[in-house]
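The values are calculated or read from the model by the stated rules, or taken from the named source; none is laboratory data. Source: prediction; values computed, not measured. Here the Cβ positions follow ideal geometry from the backbone for every residue, glycine too, while neighbour counts run over all protein chains shown. With ligands, DNA and RNA removed, areas are computed over all heavy atoms of the protein, side chains included. Shrake-Rupley method; radii C 1.70, N 1.55, O 1.52, S 1.80 Å.
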Amino acid sequence: MITKDMTIGEILSIDIGIAPILMSAGMHCVGCPSAQGESLEEACMVHGMDQEPLIEAINKYLAEKQ
């Protein structure tokens, strides 16, 4: 389960298939070195987006893979 406190790097290390979800939400910097150490909450603030729908989408993706 993904939380807002996890870094983008941690999230992508769980499943690289999450990258397209982040990119489709407008986070095109998933490969950027500074983004790798940024929490999902921080990244959402920088991009001016609500973190909850993104977290839900990622967790739904992961649940469907099990």
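Taking every DSSP helix (H) stretch of at least 4 residues in the chain, weighting each as -39,500 (n - 2.57) and dividing the sum by the residue count yields a mean residue ellipticity at 222 nm of -16000 deg cm²/dmol. Relative to the longest principal axis of the Cα atoms of the chain, helix 51-65 runs at roughly 30 degrees. Peptides 15-21, 2-8, 28-34 ordered by packing proxy, namely the average of other Cβ atoms within 10 Å per residue, highest first: 2-8, 15-21, 28-34.
For the set M27, M1, the ranking by accessible area, highest first and with no ligand, DNA or RNA atoms included, is M1, M27 under a 1.4 Å probe.
Projected label points at E52 and E10, each 7 Å from Cα along the beta carbon direction, are separated by 2.2 nanometres. Each Cα pair under 8 Å and six or more residues apart adds its separation to the average, and for the chain the resulting relative contact order is 42 percent. Max-minus-min Cα coordinates of the chain on each principal axis give 30, 22, 20 Å, with the largest extent listed first. The residues of the chain expose on average 59 square angstrom of accessible surface per residue, using a 1.4 Å probe on protein heavy atoms. K65 exposes around 120 Å² of accessible area when a 1.4 Å probe is run over every protein chain in place.
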